[in-house]
Amino acid sequence: HYYDHHTLRILAGDVISLAAGGDVSLSIEAGPLSGDDLYVVLIGASGSDPGFDLPVGSESIHVPLNPDALTLAGLNLLGTPMFDAFIGVTGPKGFANATMHFPAGVITPSLAGVEITATAVLGGVTGFDYVTDAVEFSLAP
């Protein structure tokens, strides 16, 4: 089912101090047509434009993320405490929350100033077929 209104919001943590640590809390608000659908939150440090097209059968959906090494690292760390609920199933109304935990002093200070882009892909039994908007948060010293 293809439709246009999918959203991802930052509830808290739009700037994270690498020294102090902190959490980025995200809210997937896809709506009831996305109820009980699988979702995966994707991240990257290369922005959202131009993004990429994800094949869906004979069509494709546009994902507002430029995949990079951080995207791969995030996928490899799905299910770990750092990426809490970055993969899961939406509730009956198409909502879910995900949190990225940054422990104090663990991430290299050289990443200060980096903008992280997040988006989520969602879908039912036939596979991923829609995507949220992208949001950005930044890493500070």
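The values are calculated or read from the model by the stated rules, or taken from the named source; none is laboratory data. Predicted, not measured: the structure shown is a model, and the values here were computed from it. Virtual Cβ from ideal backbone geometry, glycine too; neighbours counted across all protein chains shown. Ligands, DNA and RNA are excluded from the accessible area calculation, which covers all protein heavy atoms including side chains. Shrake-Rupley method; radii C 1.70, N 1.55, O 1.52, S 1.80 Å.
With the condition being within 21 Å of L77 (Cα to Cα) and within 15 Å of the chain's Cα centre (by Cα), I'd like the strands (runs of 3 or more DSSP E) fully within region 16-64 carrying at least 2 qualifying residues.
Values: elements: 22-29, 38-44, 52-56, 59-63.
Output list reads 22-29, 38-44.
Residues being of a type in the set (V, I, T), under 16 Å from S25 (Cβ atoms) and part of a strand (DSSP E or B): count how many of those fall in region 118-141. Break it down stepwise before answering.
So the first thing to find is which residues in region 118-141 are of a type in the set (V, I, T), and the list is 119, 121, 125-126, 131-132, 135.
Now drop any that are not under 16 Å from S25 (Cβ atoms), which leaves 119, 132, 135.
After this cut, where a residue has to be part of a strand (DSSP E or B) as well, the list is 119, 135.
Selection size over region 118-141: 2.
Quick check on my filter: what residues within region 112-130 are open to solvent by 20 Å² or more (accessible area, probe 1.4 Å) and hydrophobic (A, V, I, L, M, F, W, C)?
Kept after step one, since they are open to solvent by 20 Å² or more (accessible area, probe 1.4 Å), are these residues of region 112-130: 112-115, 124-128.
A112, V114, V125, F128, listed by residue number.
Every residue in region 65-111 that is open to solvent by less than 30 Å² (accessible area, probe 1.4 Å), under 18 Å from D37 (Cβ atoms) and either without any contact (Cβ under 8 Å) to a residue 12 or more places away in the chain or part of a strand (DSSP E or B) (or both), please. Talk me through it step by step, then tell me what you get.
First, the residues of region 65-111 that are open to solvent by less than 30 Å² (accessible area, probe 1.4 Å): 65-66, 71, 74, 83, 86, 88, 90-91, 94, 96, 98-100, 102.
The next check asks that each one be under 18 Å from D37 (Cβ atoms); those that pass are 86, 88, 90-91, 94, 96, 98.
G88, A96, A98 - these are the residues of region 65-111 that are open to solvent by less than 30 Å² (accessible area, probe 1.4 Å), under 18 Å from D37 (Cβ atoms) and either without any contact (Cβ under 8 Å) to a residue 12 or more places away in the chain or part of a strand (DSSP E or B) (or both).
Please find, within region 1-15, the residue that is modelled with the lowest pLDDT out of those that are in a loop (DSSP other than H, G, I, E, B) and not β-branched (V, I, T).
H1
Condition (residue is open to solvent by 40 Å² or more (accessible area, probe 1.4 Å) and closer than 16 Å to E115 by Cα) applied to region 23-36: is it met by at least one residue?
Yes.
Scan region 9-22 for residues that are surrounded by 14 or more Cβ atoms within 10 Å (Cβ to Cβ) and within 17 Å of F86 (Cβ to Cβ) and report the count.
4
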